[in-house]
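The values are calculated or read from the model by the stated rules, or taken from the named source; none is laboratory data. This one's a predicted model, so the numbers in the text were calculated from it and none came from an experiment. Heads up, the Cβs are rebuilt from the backbone with ideal geometry, glycines too, and the neighbour counts pull from every protein chain shown. Surface areas here come from the heavy atoms of the whole protein model, side chains and all, with no ligands, DNA or RNA. Shrake-Rupley method; radii C 1.70, N 1.55, O 1.52, S 1.80 Å.
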Amino acid sequence: MIELGSEICSNFEQSGSREWLETNGIGGYASSSVSGANTRRYHGLLVAATRPPLGRIVMLSKYEEILTINREQFELSCNQYPGKVHPEGCKWLVNFRLDPFPIWTFNVKGLVVEKSVFMVNGENTTVCQWMLKAESGTGDIGTRIEDNVVEIELKPLLAFRDHHHLRNKRDDFDESFKIEDGRVVVQPSPDLPEIDFAHNAFDIAPTGFWYRDFEYEIERERGFDYREELFQPFSFKFNLAEPATVIASTERRFASDADELKLSETRRRDRLVATSGVTDTLTKQLILAADQFIVSRNSGKTVIAGYHWFSDWGRDTMIALPGLTLATGRPEIAKSILTEFSKHISEGMIPNRFPDAGETPEYNTVDATLWFIEAIRAYSESTNDFEFVRETLFGKLVNIIEWHVNGTRYNIHVDSDGLLFSGEPGAQLTWMDAKIGDWVVTPRTGKAVEIQALWYNALCVMADFASRFGEKDREKQYSEMAEMAKASFNGQFWNEDAQCLYDVIHNEERDASIRPNQIFAVSLTHSLVEQDRARKIVDKLEAELLTPFGLRSLSPKDSKYIPIYAGSPMDRDAAYHQGTVWAWLIGPFVEAYRKVHVRDEKLDKRVEGILAGFRSHLSAAMVGQVAEIIDANEPHLPRGCAAQAWSVAELIRVVKAI
């Protein structure tokens, strides 16, 4: 359980800068700030996946919450309007915790109200409850629950728009609704699902107001439109002599389902932790965080790369797969993901991205397919399920190697020296993929260092598979290709002056930028460099790139270094891989660190020290999650995607190895 006290909760600046996240396993989510104020366009209590795992729309933005005690009203909500926060309900907020889902505790003059929010796995359904708890002490009104008439009024605010957009027009919005026994049904847009509010309110009153000028601070900081209008169709009133329950859903639910749904979801999460076998608090929370990224795609599974705006990306999925599934004791999910992606192989490549709008998958990546091979290796070695690899995947992997040897999209091909070349003008193919218009910020055309590490690793994995499956000719072929690639790499990539590796080689040009990409030449199962050079690489990156939250993407000594990820979209894209810290890189760094310090008797303690910063991080931004990126300079503020799959996955993978 992660818990925030009143010193954070009642301070709007502090609670408004921390977020929470609930997900439903099909791409939908609920999320906002701890304060209750939405600070992103992506925030909402029901963001439904209409084409799982994508097609996400913000249906229910939030509730305005008004507590009445003996006819005296107290507003529990928070909103940011131009120049003002109104109401300031967080002043009553004394506690927020994940237990296992988000729970808020308000103390209003001695009466304690607890609010909880969770989503139902497999449904676009959000359950919200408010209930009175035991008294906390004396107050102006009195502390005996039975001596007071306590009611709560909830006013739903509707958006009904794509989660990437904002609602600032009303002409396509049907304001009508239907009241039925124990429910209210709304469908503002005929091409979107209706939302069903199942409730146990004693009164429903039509209102029909438009609320103007909600301001979303994070969108303003990011240089995007940040003001929105929301529709408030009616209000619910509840007597808190019993818990107030509202289930907002695209399904038909009943308020009486809430307790059973809560018990079922709590047990599901308990099983996840039990299956993982972890016992410490940090890793338990990471196990629950990992589950939020695993979603359904067709009949299989995939990985949402990050919340709130990413879809499922091939590269991210394959990098995250070992940590999200194998390290958490869920190999059947790994198998499903590998099977699903294998169905989309084209010209020897897996997709880089499945677009939100459902168009043809994009294949603009050189490394996703190589990470796919590494993920298959990790799965087979973890499970000994080599029969699945032989029957389902090996033939496709042979085809992948052939395409890479002969050439595939984006001029990806094996050069005469056995190394893998990639790139053409205007294409960003490695994980350092920022692009502004036609400007590729870090093009890395040619032979990028981590691509060679992945290519060599893939060839060694294929040789091992071929040997196991009795494919002697292919074993010989892949082994010889791997030996040639290794010899060429060590002959060309060592930077004697810097005592580490070049980042990219293109014809006679050598990019000597100190970047984290060279760590993969050490960290991968089949390493490209010998121990002496490996130690020097790790030492160099530890000295110049290591922070408490991951590795910088460029050395501070470089003239192109940008210490803070902020400003306009162009400013941020320019900084994305020019110094910004990436949390996921802590995984390969620790893996490499272990390899070169294997004889250190204090190795585990040293690794714990390297990872220590993440304990505080879990309660500093998206509570219970790990961010995508962090500022390169102190105070190392979290930036970018608030919850990132490979950040969580790589942290789990190396924490479980301690």
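Could you tell me how far the Cα centroid of the range 74-93 sits from the Cα centroid of the range 605-628, in Å?
Cα centroid to Cα centroid, the span is 30 Å.
In nanometres, what is the gap between the two model label sites at Asp558 and Ser299, each 7 Å from Cα along Cα-to-Cβ?
4.6 nm
Once you have the Cα-Cα distance between Lys343 and Gln187, take 0.36 nm times their residue separation minus that, and quote the gain in nm to one decimal.
Full extension of this stretch gives 52.5 nm more.
Evaluate the range 1-104: find the radius of gyration of its Cα atoms, find its Kirkwood radius, and give the ratio Rg to Rh.
Rg/Rh: 1.01.
On a 0 to 90° scale, report how tilted helix 449-468 is relative to the longest principal axis of the chain, with both axes built from alpha carbons and the result rounded to the nearest 10.
Helix 449-468 sits roughly 80 degrees off the main axis of the chain.
In the range 1-102, what trypsin sites (Lys or Arg not before Pro) fall in a loop by DSSP, with at most 11 other Cβ atoms inside 10 Å?
Answer by residue number: Arg71.
What is the sum of charges around Ile204, taking Lys and Arg as +1, Asp and Glu as -1, for the other residues whose C-beta is under 12 Å from the C-beta of Ile204?
Neighbourhood net charge equals 0.
So what's the net charge close to Phe489: Lys and Arg +1, Asp and Glu -1, counting the other residues with Cβ under 14 Å from its Cβ?
Summing Lys and Arg as +1 and Asp and Glu as -1 gives -2.
Would you work out which of Leu321, Ala49, Ser6 lies farthest towards the positive end of the dipole of the chain, given +1 charges on the beta-carbon of Lys and Arg and -1 on that of Asp and Glu, about the Cα centre?
After comparing all options, I get Leu321.
Accessible area per residue, 1.4 Å probe, Å², for the chain: what's the number?
Ligands and nucleic acids excluded, the result is 37 Å² per residue.
Could the peptides 328-335, 302-309 be put in order, highest first, of the mean number of other beta-carbon atoms found within 10 Å of their residues?
The most tightly packed comes first, giving 302-309, 328-335.
If one takes the longest principal axis of the Cα atoms in the chain, at what angle in degrees, from 0 to 90 and to the nearest 10, does the Cα axis of helix 258-276 lie?
Between helix and principal axis, roughly 20 degrees.
First select every other residue whose beta carbon is under 13 angstrom from the beta carbon of Val440; then total the charges, Lys and Arg +1, Asp and Glu -1.
-2
Read phi for every residue in the range 482-489 and hand back ³J(HN,Hα) as whole Hz from Karplus 6.51 cos²θ - 1.76 cosθ + 1.60, θ = phi - 60°, with x for Gly and Pro.
Going residue by residue, I get 5, 4, 5, 4, 5, 5, 5, 4 Hz, with x marking Gly and Pro.
If you roll a 1.4 angstrom probe over the protein chains with everything in place, what fraction of the accessible area of the range 165-284 belongs to carbon and sulfur, to the nearest %?
46 percent
Each residue of the range 582-594 in turn: what ³J(HN,Hα) in whole Hz from Karplus with 6.51, -1.76, 1.60 and θ = phi - 60°, glycine and Pro shown as x?
Values, residue by residue: 10, 5, 5, 5, 5, x, x, 5, 4, 4, 5, 4, 5 Hz.
Modelling each spin label as a point 7 Å along the Cα-to-Cβ direction, I'd like the Asn384/Leu637 distance in nm, to one decimal.
5.2 nm
What is the set of long-range amide H partners of Cys500 at a cut-off below 5 Å, with H atoms built 1.01 Å from backbone N?
Close amide H contacts, sequence-distant or interchain: Asn495.
Which cross-chain or sequence-distant (5 or more) residues have an amide H under 5 Å from the amide H of Phe209, H modelled 1.01 Å from N in plane?
Gln232
How much accessible surface area, in Å² rounded to 10, belongs to the heavy atoms of Thr325 with a 1.4 Å probe?
Only protein atoms counted, so the area is about 0 Å².
Restricting attention to the range 470-578, which GluC sites (Glu not before Pro) occupy a DSSP loop and are surrounded by at most 15 other Cβ atoms within 10 Å?
In loop regions of the range 470-578 (DSSP not H, G, I, E or B), the sparsely surrounded GluC sites (Glu not before Pro) are Glu496, Glu508, Glu530.
Each residue of the range 613-623 in order: what ³J(HN,Hα) in whole Hz does its phi give by Karplus 6.51 cos²θ - 1.76 cosθ + 1.60, θ = phi - 60°, with x for Gly and Pro?
Values, residue by residue: x, 6, 4, 6, 4, 5, 10, 9, 9, 7, 4 Hz.
Based on the Cα coordinates of the range 421-539, what is the per residue volume of their convex hull in Å³?
115 Å³
Could you order Thr275, Thr317 so the one with the most accessible surface comes first? Probe is 1.4 Å.
Thr275, Thr317
For the range 347-396, what are Rg and Dmax over the alpha carbons, in angstrom?
In Å, with Rg to one decimal and Dmax whole: 13.1, 38.
Please identify the GluC sites (Glu not before Pro) of the range 588-653 that satisfy two criteria: DSSP loop assignment and at most 13 other Cβ atoms within 10 Å. Which are they?
Glu601
When the helix-only estimate is applied to the chain (DSSP H runs of n ≥ 4, each -39,500 (n - 2.57), divided by the residue count), what is the mean residue ellipticity at 222 nm, nearest 500 deg cm²/dmol?
Mean residue ellipticity at 222 nm (helix-derived): -9000 deg cm²/dmol.
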